[in-house]
Every structure is written in structure tokens, then in C-alpha cells.
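The values are calculated or read from the model by the stated rules, or taken from the named source; none is laboratory data. This one's a predicted model, so the numbers in the text were calculated from it and none came from an experiment. A quick note on method: Cβ atoms are made from the backbone with ideal geometry, for glycine too, and the neighbour counts reach across all protein chains shown. Keep in mind that these areas ignore ligands, DNA and RNA; they rest on the heavy atoms of the full protein, side chains included. Shrake-Rupley method; radii C 1.70, N 1.55, O 1.52, S 1.80 Å.
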Amino acid sequence: MSLLELRGVHASYSDGGQVLHGVDLTVQEGGVTALLGANGAGKTSTLRAVSGMLRRGGSLRFDGREITSLRTDEIARLGIAHVPQGRGTLTGLSALDNLRVGSARRRDRREVERDLERCLNLFPRLRQRLGSTAGNLSGGEQQMLAIARALMSRPRLLLLDEPSLGLAPKITVEVFEAIAGLRAEWSLAIVIVEQNADLALGMAQQAVVLESGRVAIAGTAAALAGNDDVRQAYLGG
Amino acid sequence: MNARIRQPTVPWLVRVAAVVVALAVLVILPQQSTPYDNLQITLVAAWAVVIAGLNLLTGYAGQISLGQAAFFGIGAYTTAITALHGWPVVLSFALAFLLPATVGALVAIPAVRLRGHALAMITISLPLVAVPLAKRLDGLTGGSQGLTTPIGSAPTWSGLADDQWAYYVVLTVAAALLALAHVAVRGRTGRALSLIRTSEVAAVTTGIPVRRYKMVVFALASGYGGAGGFLYVYCVRFVSPESLDFLLGITLLCSLVVGGLRSSAGSVVAACFYVYVPNLVGDINPEKSSLIYGAVLLLVLLFAPAGIAGAARGLWRRRKLLARKLATSWPAPSTPTGYLAVAGSTETSQEENGGLTPTRSTASNPSSKTR
Amino acid sequence: MGALQQVVDGLSAGSIYAALALALVLVHRATGVVNFAQGEMGVLMAYVAWSLTSAGVPVLVAVLAAMALSFPLGVATERFLIRRFHGQDGLVIVVVTVGLLILLNGIVGAIWGYVSKPFPSLFPNEVIRLGGVAVTVEQIGNLVVLLAVVAGLQIIFLRTRFGLSLRAVADNRESSALSGLAVNRLLMAGWGMAAALGTLAACLIAPKIFLDPSMMNAVLVYSLAAAVLGGLDSPVGAVVAALVIGVAENIAGAYIDIIGTDLKIAVPLLLMVVVLLGRPQGIFGRREVVRV
């Protein structure tokens, strides 16, 4: 069944500027969906609308439950973890505290410790930096920390907003390999926004192309990747 | 179609008419009313000057000050002391303006480098130092007893009672000072100040000498505080450390916001508010009025952030809008252009609506404070 | 020996400033607001404690009850007043909190009047002589209470999930909400805790200077100075700075003739000016206090 379902979702900033004009979108359980499109097409806004960080209307359902009127923290507690653009670590806290914040709402202590270990295996670089202030980590480490923090809440849906932004190519590969391995190990669905279409299509099953706040094309990642017209028109060749 | 056409907030002719009528009333009034009422109106004029000074600093330049009471106090004491020693009134006045202005400029040296919280924290302490200082210098200031001073008596040729004489003198001087302040913030200076208020960085990049502007405004505001102190002593003939209480500086800022920032009329409204609230409370202990001051301020902030003057202007504007709406609802040939122009004018610049709200900080994200 | 006496007196006064400074830091960290009404909120609740003692409640119980009642006062202030102005210019927030200051001042005056009232001390009125220095039990008590408060806060902030959440929200609201933290409730809790601390400060100083609607004005300036010196975001910094200020003002008052006891208030003011000019992030702080 579908885990996340958006029907005719529109969204606007608090100053009134509308950014989404009726987005329809379905995310299947356990799949990776790539969200593509040009700058300003509404990719980030779609994620922010799901997390309740924009004023929004239409219908958003998560696991069959209407979430359109919920607050950001309530949505997060339902099992949606959002790693925003520019990482969104808690820069003044230690890396370990960041991870603890991720699991702050959980009561299953033993599982939390096990998940912590799994995160550190996923991103071995973090292990040495646990005591460091998050703001002092490198860009790549902060991105890893942000993803690990999201995982610590044991989400069912992970929203990743441009995880490769500003990272060195080598680090990007490292991050994406980790992301690709997530699905099997953590049993979750992923929606990933990415400028680099090839990178995203390479790991996704489904793909959605946005244009001017609406869905332009949706289909399997393979079909979109193989369609030259689509590549030409939306994905920069 | 040009939505940028600015409708004058209140038509020019109406303004002039209002001022003329008000002047006429004010000239005739003291002949008819009791000495008590005359004193109250005189006090409004004196405080309007103090508040207009604060308006220059906080309203136009955006530099918060909770210490205007200290400068008021310096002016008041200067007046009282010089008058006791028989100095000419004009000299008293000049000193009551210049001395606080100088002190203000000195305070400004560190203050111009600060903004917001920091400036508020420094200025809130000024009255707390000023009061014990006034008590300490008792040889000069009469200590906690205060000073009674012979000033503001009506000359015999005028044929006026003392209260009437003080009324005319204080109102005339206050009107002149208010007019000067009104003119000072028009044009280039006004634009520079509004840029400093909204974005200091932008002001610097446009080549505005920000610190010099801020220092001059700080000195001017302090001078106005002192001049207000002169006018106060001129009609009350008494000053004591009580008159520069800790809460005074705060109350003045509150009154200013209630009256309306960046508005000359607002300063007068603010002074009326400041002077008449204790009367309305009708208690011997004027401290009780802080309840009203605080409550009204919070209500104004919540529901009419542009202050009373701003709200009145808004009503005036809406009156026109309402009329246009009525007109368009009739099948009369009212063009949508006209309506648009008026609708556009409701989103006028900050100077015009004088409110607190428009200068929102860029990010509502609290993480922005990390920068 | 005279200087040592001044140090002891200073530490005692400093611990009271520290309690209020901690409240200011707590609120500033959580919401980025300097709450100029923090002291006055304490005054209101100290009067409540006074009313309880007048009704025969033991003073310790009365003070604890007043602190407990302060919590909802702080919560309501955040919920119904401060939050309405979230994201607005710093000028507006300052005006809001000073408005609250005079409102509360007026409320206290209207209910309890303006005549100073004696407030019973939490501690027995005894003097201990330690090698020529007279130390009152009250002075020791103030310091002990402060240390207990600091230790308690450290445990809450560093050892509990609640404290971790409070730190997270203070660091980044949006990011914390994305981790499922109930940001609004945590902000209210921060204000509630701060209000309780402010009440504690008011109840500790009241026996010395008597209850009066304006009793906390000077204390507020001392505590503001301490919070600024400490960097506004550092609880430990604020406490150390408050103790330093307490000692400095007493020594300056005793040994510098121009200052004397009446102008001691100029000491924190000068310290604040110097710090804000030279090192705006405070002595212990990491962040910029002043946006220029």
C-alpha cells in the first residue's frame, strides 16, 4: 500500500507567495522515490509541505492518516524524518547529543543503543567525532550526522533534501553508498531531492519530475532515465 | 495602474485646518480654564518635547533607549540650579539643552556601537545611576529634598497669572521644538535614518556615515530630553530625584509606542497619555498608574502596533477605501484603476504607518542568531 | 580583614544576582529574548509568598509554593505574550518585556500597596565568626542555595532527556521540531523554570531590602550585567560573573570614595559597557550578542 499520498497539495510561504499548485504524489512503502526538477520547481517545498513547515492545503496522508493539519513535531513523531537542505544539525550540541536528540522521543532504550551502533557502522567517520561540537564537523560529516540523527528516530519515511549539496565528490559517493544501503537495513521508504539526476535515478525505483509547483511527469526511475525527451526537457540532458 | 502612487496619509488641507483650529483653541483656552487644567496642558507640552526626542532616537533611528529620564533629569536640574543662582532664563534654557546633549554624545560613544538588547540594557541602568547621583550632589541639588526654584513667574507687563504665562511660554517653545524635530527628519536625513533603522549594513554600503548619524541623533534626543526638563521645571518650579525614577524612562518609551512611533502627532498623543493616565487613575500615589501604562501598552502592541496615531491614520485611510468600495459596489463608472491605486497605498512604506511590526527580522528561524 | 568581610558580603549578594542572571540566560537561550520583566515577575510571586507567610504558612513552604506557582506564570507569559511577537524585530520584544515590567509593577502596587514590607528570612538570624570575619547564616545559605540550583540545572541540562530537548530547542527550533520535539511546550517550560528562579532570587533578597514593588530594579541591572558578562548563553559564565560583580561592587563601595554605598550600581553598568564594547560575546560566550 502507499505510505505517503499527496492529493492536490498547494503550499505557500507565510508572506503569501504560493510555491506549490496542486501536487499529486504517491510514495510506496519501502521504496526510493527521486524528486527531480529545475531550481524553483518546488522540490524542497514539497518536502517542507509534507513536514508541515509551509502553510498548505489539499490532502496529505501518511499511512492512511490525514496529516494536513498537524504541526511539524507531530508529523515527525508519526515516523517521518526530514533531513533539510543545508543539513540542519544542532550546531551548538555535540555530535552524540545530536544523535540523542534524534532518539529523544523513543522509550526502547536497548534498541536505541543498537541503532546508535548501526549508525556509527554506517558512517564510521562519526565514531571519532562523537564528542565534537557539531558545528565544528566538516560539511560531509555534518551531512552524515544529520542523516544519522534522522535514522535514530526509527522513521518509516526518510525525506532527504539534496544530501550532496556542497560536498566533495568523494564524500558524495560515500554518502550515497550509505543511503543506498539504508533501505534494506532499516526497512524504510525514502524520498530524495537531488540536483544530480543520474545519481538519484541510479538508486530510485520511482521518479517524479516537478515543474513550476506541479508534477510534470511521474513513473519508474528506469523509464524516466531511458526517455531522452524527458532528459532533454527536465533533467538537463 | 500604478500601485506605487502614494496617497497622502491625511490630506494636506485637512492637516493645516486641524492645526489652525487646535492653535486657536490652545490660545484661547487658558483664559477660560482653571490653573490646574492649564498646568496639565503645559505639562503635556513639556513631556511632548521629551518624547519627541526619544522618537528621534527610537522611532526614526531605531535605537532603543530606556534612559531618556536621565537626560530629562539633567535638564531639569540644570534649569533649577541656574535659576536659583539668578541666571537669565535664556541661558538656563541653552544650558538645559546643551548639557544633556553633551552627556548624550558621551554616552553615545559606546552606545552607537550597540543595538537592540545591548543598548536597552545600558540605557535602562542610566536612571538607576542618576538618582543616587542627584542625591549625592546635595550641595547642588538639594539631595532627596529636591529643589524649589524661582522661575516662570509672569512679568507684570503681561497681565497674566503665573500659570497662564507658563502655559504660553512652554507651549510656544514646545511647538517650536516639535516643528524643528518634524522638519529634521524629512528628506535626506529622514531617508538615511530609515535606512539605518531597517538595515545598518545597507546604510554603510550606501556610504551613510552611520555612527556619526547615530551620535548626532543620540545627542539631539538627549538635548530634547533636557529641554523638556527645562519646560517641566518652568511650570512646576520643582525637581527632585523622584522625578527621574527608574520607571520613568520605561514609561516614556511605552508612551511613545502607545502614541505612535515616527509621528509628530504621535509624540503629542504620547505626552497626553503620559500626563493624563495618573489623573484618570485619580490616586494620590501616581505609581498606581503603571498598571494602566503597562496594560495599554501591551494591548496596543497586540492590536494596534502602529500606536494611536497610526491607528487613527489607518482609520482615515480605510474611510477612503470604504468610500471607494461603496462607490464600486454601485453600478457607477468607477474605474478599477482608482481602486487599485488606493489599495496599493495601504501598503505604504514604514515611515508612513509608523508601526513596530514592519521591521521583521529576516529569518524567523532562531538558528539565525548563530551568525 | 575588612577586605575579606567585603568579599563574603559580595559573594552573598552575588549569589542572588546569579539566580536572576540564570533566569535571564535560560530565557535568552531558549527564545532569544532578554526578559526585562524577569525580576518583576519574581517580585509578584515574592508577594504571593509573603501573603502565604502572613497566613501562617512556614516561610520555606511559602517560598517553595511561590516558586511552583511561578512556573505557570512563566508558561503563560511565553504562550500568550512572547510567542505572539516571535520573529519580530528586537526592538518590539524589548518594548513588550518592559511593558510587562511596568504592568506587573502596577499590579503588585495595586494589590499590596507601595509601603515596604518586611519579609521573613529562610535562614536563622545568626552570625558565625570565622577568624575576624562575621558571616551570617543567611549569607552562607544564599550561597548554598545558589550552588544547589546550579548543580540541579547542570544535572537537568546534561543528564536528562528533558534537558537535552531544552538545549536542542535553544539551538535550533526548526531542526528540533523535525526530530519530533514539542518545541512550543519546551519553550514554555524554559520560561516556567526561569520564572521560578526569578522568584527564588526575589525571595532571597527580600529579607535584606524589604518587599517593595520596585525592589528588583537594581538587582535586574546587576543580573543583566552578569548575564552579559557571561555571554547571555552561558549559565556557568553568568554565575561566575554574578559572584565577581557582587564582590567588585562591595569592594568598590568600601574602598573607592566616589562610589560609596549609594553609587555601587555604577559598577555593573561600567562593567557592562566595557564588556559589550570589547567582547560582545561576553567573557564565556561563544556567540554574538549584538547584531550589527
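Restricting attention to the range C:208-266, which residues are more than 24 Å from C:Val25 (Cβ to Cβ), assigned to a helix (DSSP H, G or I) and either out of contact with any helix residue (DSSP H, G or I) (no Cβ under 6 Å at 6 or more places or on another chain) or charged (D, E, K, R) (or both)? C:Gly253, C:Tyr255, listed by residue number. Restricting the range C:236-262 to residues that are touching a Leu at 6+ places or on another chain (Cβ under 7 Å) and within 14 Å of chain B (Cβ to nearest Cβ) leaves a set whose member that is surrounded by the most Cβ atoms within 10 Å (Cβ to Cβ) is C:Ala238.
Taken over the range A:54-72, residues that are open to solvent by less than 50 Å² (accessible area, probe 1.4 Å), more than 19 Å from A:Arg156 (Cα to Cα) and within 14 Å of another protein chain (Cβ to nearest Cβ) amount to 1. You will find that of C:Leu60, C:Leu104, the residue that is farther than 26 Å from C:Arg167 by Cβ, within 14 Å of chain B (Cβ to nearest Cβ) and not small (Gly, Ala, Ser) is C:Leu104 and no other. One residue stands out in the range A:85-101 among those that are open to solvent by less than 20 Å² (accessible area, probe 1.4 Å) and at pLDDT 95 or above: the one that is farthest from the other protein chains (Cβ to nearest Cβ), namely A:Ala95.
Per-residue answers, yes or no, for (1) away from chain A (no Cβ under 14 Å); (2) of a type outside the set (Phe, Trp, Tyr); (3) surrounded by fewer than 22 Cβ atoms within 10 Å (Cβ to Cβ); (4) under 19 Å from the mean Cα position of the chain (by Cα):
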| site | (1), (2), (3), (4) |
| --- | --- |
| C:Ala148 | yes, yes, yes, yes |
| C:Thr160 | no, yes, yes, no |
| C:Gly198 | yes, yes, no, yes |
| C:Cys203 | yes, yes, no, yes |
| C:Ser234 | no, yes, no, yes |
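Of all the residues in the range A:156-189, those that are open to solvent by less than 10 Å² (accessible area, probe 1.4 Å) and outside any helix (DSSP H, G or I) number 8.
Mind listing just one residue for me: the one in the range C:171-191 that is touching a residue at least 24 places away in the same chain (Cβ under 8 Å) and crowded, with 24+ Cβ neighbours inside 10 Å and, of those, nearest to the other protein chains (Cβ to nearest Cβ)? Going through the qualifying residues, I end up with C:Leu187. Applying the condition of being modelled with pLDDT of 90 or more and open to solvent by 10 Å² or more (accessible area, probe 1.4 Å) to the range B:263-274 and asking which residue is nearest to B:Ala192 (Cα to Cα) yields B:Val268.
For the range B:111-162, the set of residues classified as charged (D, E, K, R) and outside any helix (DSSP H, G or I) consists of B:Arg113, B:Arg115, listed by residue number.
When B:Leu84 is tested against (1) in contact with a helix residue (DSSP H, G or I) (Cβ under 9 Å, 6 or more places away or on another chain); (2) in contact (Cβ under 8 Å) with a residue 60 or more places away in the chain, exactly one condition is not met: (1).
Taking the criterion of being open to solvent by 10 Å² or more (accessible area, probe 1.4 Å) and more than 23 Å from B:Leu180 (Cβ to Cβ), the residues of the range B:31-64 that qualify are B:Gln31, B:Gln32, B:Ser33, B:Thr34, B:Pro35, B:Tyr36, B:Asp37, B:Leu39, B:Gln40. Scan the range C:28-37 and tell me whether some residue there is farther than 30 Å from B:Ala306 by Cα, in a helix (DSSP H, G or I) and open to solvent by 20 Å² or more (accessible area, probe 1.4 Å). No, every residue in the range C:28-37 fails to be farther than 30 Å from B:Ala306 by Cα, in a helix (DSSP H, G or I) and open to solvent by 20 Å² or more (accessible area, probe 1.4 Å). Within the range C:263-277, residues that are of a type in the set (D, E, K, R) sit with their Cβ atoms under 6 Å from residues that are open to solvent by less than 20 Å² (accessible area, probe 1.4 Å) and assigned to a helix (DSSP H, G or I), at 6+ positions apart or across chains, in these pairs: C:Lys264/C:Glu249; C:Lys264/C:Gly253.
On the stretch given as the range A:11-21, residues that are open to solvent by 80 Å² or more (accessible area, probe 1.4 Å) and in a strand (DSSP E or B) total 1. Out of the range A:133-155, which residues are assigned to a loop (DSSP other than H, G, I, E, B) and away from chain C (no Cβ under 14 Å)? Residues satisfying the conditions are A:Leu137, A:Ser138. Restricting the range C:91-130 to residues that are open to solvent by less than 30 Å² (accessible area, probe 1.4 Å) and outside any helix (DSSP H, G or I), the residue that is modelled with the highest pLDDT is C:Phe119. Looking only at residues of the range B:89-131 that are within 13 Å of another protein chain (Cβ to nearest Cβ) and without any contact (Cβ under 8 Å) to a residue 12 or more places away in the chain, we find that the one that is most open to solvent (accessible area, probe 1.4 Å) is B:Leu106.
Scanning the range C:61-90 for residues that are open to solvent by 20 Å² or more (accessible area, probe 1.4 Å) and farther than 20 Å from C:Leu197 by Cα yields C:Phe80, C:Arg83, C:Arg84, C:His86, C:Gln88, C:Asp89.
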